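Colleague: One structure follows; several queries about it will come next.
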Amino acid sequence: MRHEVIVSGIGIVSPVGCGASNFLDGLLTSRANFAVMSRPGRQCESSFVGAQIDDSLAFADAPSERLRQTLAARAAVTAASQAIAQACLDESDLAHTALYLGGGNLQQRELVLMHEKHRASPTYVSPVYGLNFQDTDVAAYCAQALGTRAGMMVLHAASASGLVALVEAAQAIAEGRFQRCLVIGGLQDISHWEAQALTNMGAMAALAADQEPMALNRPFDRNRRGFVYGEGCAALMLERADSCNRDVEPIARLAGWAILNDGSRSPAASTAAEVAVIERALAVAGLQAAQIDYVNPHGSGSLQGDEVELSALRKAGLNGAYLNSTKSITGHTLTACGAVETVATVLQMRASRLHASRNLSTPLATDFNWVGQQPVQARIQNALKLSYGFGGINAALCLTSV
Amino acid sequence: MHRNDVKDVLISAIAEVRPDLQFCKLEDHDSLLALGVNSMERAEIIIDVLRELKLKIPLIDTYGPKNLGELVDLLAARCYAA
């Protein structure tokens, strides 16, 4: 018996907008906010560009901070609370809800700040560091704050974490292991160390001498220089369709999914693995490539990755589907991106509108149905979300309108 | 360091870790446990205080006191001994 899985609530914290309607409005108006980052710990003789959340807007309603609550934890609880509210769940429902957090090393910047603060005398390092360095910390913070008690899973799959968490939660529900799962794509709060290393490996974009920060982030464009970081966190409530009998309107159905590892430590993407994961997900969903109306790609702006992704989409027969780049507006939210972009996909499906791709002035390939620099109106019955992560991790999820 | 100075350091550490307690008038007979301070928060408060006092003692040595007054007495005595 394979149970049908639906989405009953979504939540989002992003510089583009917080809350579903605000985020959708931000996507459709390309409300991007890329600048040299100013959060403490993000720069060291550097000028890394990224999109940062305005804490005073995102966390205006949050309770007062306790025990040095981190940015990643605040974002996760805020996004999850939105999803729970939309799904109309009470305390006893949440007690029977499992928590899946996609992402690890979510609090690197906070740890770097602690190293700096306590370097002269490590004897007095803050005890909470002992929680913060564990990948379970953000999930545990959420479980405590929200009351989810059916299980707590933390899945780290690099930039595919958010989508891998969604896929694993969907599989658990389909198999009958859980009735409901709260899935969070965790905000990966990087420090200048991660930013520098990702730049040094050629993955993260560095500003050219005469370039404006707003022009740096250009996935799938011939003039791209790598990915541009964005803070962000998203949450989705997944439920078994036949047991969601509250007065709640399902938002979308998860029709099929797949995860595939191609056994590579290198950050390089693999066309064969990407084609294979797409074909598996379509087969599980019982869909042909021609039935996919819209693809929300991984498309980070990587020099090699974007080329490989387009080649894989072409080989999978998906170049007729609409294609845009959510990362061109949100930036690359790393571990969160699979969840952030699934939220973007679902919202666009429901609005029958697809957002523009910022800075896509010279697309890498012209044989695709790009949503260029203006949004388009389109009815989307079936969509495909893709995420790829360092470590040869490939994930695909088919969504259908309900 | 004078006992009252140690108490001031302790009170400000409590307010730092638990901003919701910053306007409570804390007395010697109050206990962190009764104030709803959990074990991690207590550890944060104590390490903050030890840092301010430049006192190097193991956390476990601060487990005996049953209330704020006893804790201040212990810390003041350790400062004096150092």
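The values are calculated or read from the model by the stated rules, or taken from the named source; none is laboratory data. Please read all numbers here as calculations on a predicted model, not as lab measurements. Neighbour counts run over all protein chains shown; Cβ positions are idealised from the backbone, glycine included.
Colleague: Search region A:181-192 for residues being touching a helix residue (DSSP H, G or I) at 6+ places or on another chain (Cβ under 7 Å) and under 19 Å from A:Leu207 (Cβ atoms), and hand back the single one that is surrounded by the fewest Cβ atoms within 10 Å (Cβ to Cβ).
Modeller: In this case the residue turns out to be A:Ser191.
Colleague: Can you name the condition, by its number, that A:Leu260 falls short on among (1) over 21 Å from A:Ala344 (Cβ atoms); (2) out of contact with any helix residue (DSSP H, G or I) (no Cβ under 8 Å at 6 or more places or on another chain)?
Modeller: (2)
Colleague: Follow-up question, since we're still on this one. It is to be established whether one or more residues within region B:66-78 are surrounded by 12 or more Cβ atoms within 10 Å (Cβ to Cβ), more than 10 Å from every other protein chain (Cβ to nearest Cβ) and over 12 Å from the mean Cα position of the chain (by Cα).
Modeller: yes
Colleague: Let me ask something else about it. Wholly within region A:1-117, which strands (runs of 3 or more DSSP E) include no fewer than the required count, namely at least 1 residues that are closer than 30 Å to B:Ser39 by Cβ?
Modeller: Hits in region A:1-117: A:5-13, A:98-102.
Colleague: Does A:Val183 satisfy the condition of being under 25 Å from B:Met40 (Cα atoms) and outside the structural domain of A:Ala268 (by TED's automatic domain parsing)?
Modeller: It is false that A:Val183 is under 25 Å from B:Met40 (Cα atoms) and outside the structural domain of A:Ala268 (by TED's automatic domain parsing).
Here's the yes/no breakdown for (1) touching a helix residue (DSSP H, G or I) at 6+ places or on another chain (Cβ under 6 Å); (2) surrounded by fewer than 22 Cβ atoms within 10 Å (Cβ to Cβ); (3) among the hydrophobic types (A, V, I, L, M, F, W, C):
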{"residue": "A:Gly147", "(1), (2), (3)": "yes, yes, no"}
{"residue": "A:Ala150", "(1), (2), (3)": "no, yes, yes"}
{"residue": "A:Gly162", "(1), (2), (3)": "yes, no, no"}
{"residue": "A:Gln171", "(1), (2), (3)": "no, yes, no"}
{"residue": "A:Ala174", "(1), (2), (3)": "no, yes, yes"}
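Colleague: Here's a follow-up. Looking only at helices (runs of 4 or more DSSP H) that fall completely inside chain B, which ones have 1 or more residues that are of a type in the set (Lys, Arg) and more than 19 Å from A:Pro127 (Cβ to Cβ)?
Modeller: B:3-17
Colleague: Among the residues of region A:367-397, write down those that are in contact with a Lys or Arg (Cβ under 8 Å, 6 or more places away or on another chain) and assigned to a strand (DSSP E or B).
Modeller: The answer is A:Val376, A:Gln377, A:Ala396, A:Leu397.
Colleague: Show the residue pairs that are 6+ apart or on different chains and have beta-carbon atoms under 8 Å apart, the first residue being within region A:138-149 and on the phi < 0 side of the Ramachandran plot and in contact (Cβ under 8 Å) with a residue 24 or more places away in the chain, the second being among the hydroxyl-bearing types (Ser, Thr, Tyr) and surrounded by fewer than 22 Cβ atoms within 10 Å (Cβ to Cβ).
Modeller: A:Leu146/A:Ser81
Colleague: Pick out the one residue from A:Ala356, A:Ala312, A:Ala365 that is of a type outside the set (Ser, Thr, Tyr) and out of contact with any strand residue (DSSP E or B) (no Cβ under 9 Å at 6 or more places or on another chain).
Modeller: From the options A:Ala356, A:Ala312, A:Ala365, the qualifying one is A:Ala365.
Colleague: Taking the criterion of being under 20 Å from B:Gly64 (Cβ atoms) and either surrounded by 16 or more Cβ atoms within 10 Å (Cβ to Cβ) or within 13 Å of another protein chain (Cβ to nearest Cβ) (or both), would at least one residue in region B:16-25 satisfy it?
Modeller: no
Colleague: Can you find even one residue in region A:358-368 that is at pLDDT 95 or above and closer than 21 Å to A:Ser14 by Cα?
Modeller: Yes, some residue in region A:358-368 is at pLDDT 95 or above and closer than 21 Å to A:Ser14 by Cα.
Colleague: If you go through region A:329-365 one residue at a time, how many are within 24 Å of A:Lys315 (Cα to Cα), buried (at least 24 other Cβ atoms within 10 Å of the Cβ) and either β-branched (Val, Ile, Thr) or in contact with an Asp or Glu (Cβ under 6 Å, 6 or more places away or on another chain) (or both)?
Modeller: Counting residues in region A:329-365 that are within 24 Å of A:Lys315 (Cα to Cα), buried (at least 24 other Cβ atoms within 10 Å of the Cβ) and either β-branched (Val, Ile, Thr) or in contact with an Asp or Glu (Cβ under 6 Å, 6 or more places away or on another chain) (or both) gives 1.
Colleague: Okay, moving on. Here is a check on your reading of the model: is A:Ser161 under 14 Å from A:Leu334 (Cβ atoms), in contact with a Ser or Thr (Cβ under 8 Å, 6 or more places away or on another chain) and not assigned by TED's automatic domain parsing to the domain that holds A:Ala268?
Modeller: yes
Colleague: Collect the residues in region A:130-145 that are within 11 Å of chain B (Cβ to nearest Cβ), surrounded by fewer than 17 Cβ atoms within 10 Å (Cβ to Cβ) and within 22 Å of B:Leu59 (Cα to Cα), keeping them in residue-number order.
Modeller: The one that is within 11 Å of chain B (Cβ to nearest Cβ), surrounded by fewer than 17 Cβ atoms within 10 Å (Cβ to Cβ) and within 22 Å of B:Leu59 (Cα to Cα): A:Gly130.
Colleague: Tell me the residue from A:Val77, A:Val125, A:Val112 that is within 26 Å of B:Pro19 (Cβ to Cβ), within 14 Å of chain B (Cβ to nearest Cβ) and touching a helix residue (DSSP H, G or I) at 6+ places or on another chain (Cβ under 8 Å), please.
Modeller: Every option except A:Val125 fails the conditions.
Colleague: For region A:96-109, state whether one or more residues are within 14 Å of another protein chain (Cβ to nearest Cβ) and among the aliphatic types (A, V, I, L, M).
Modeller: no
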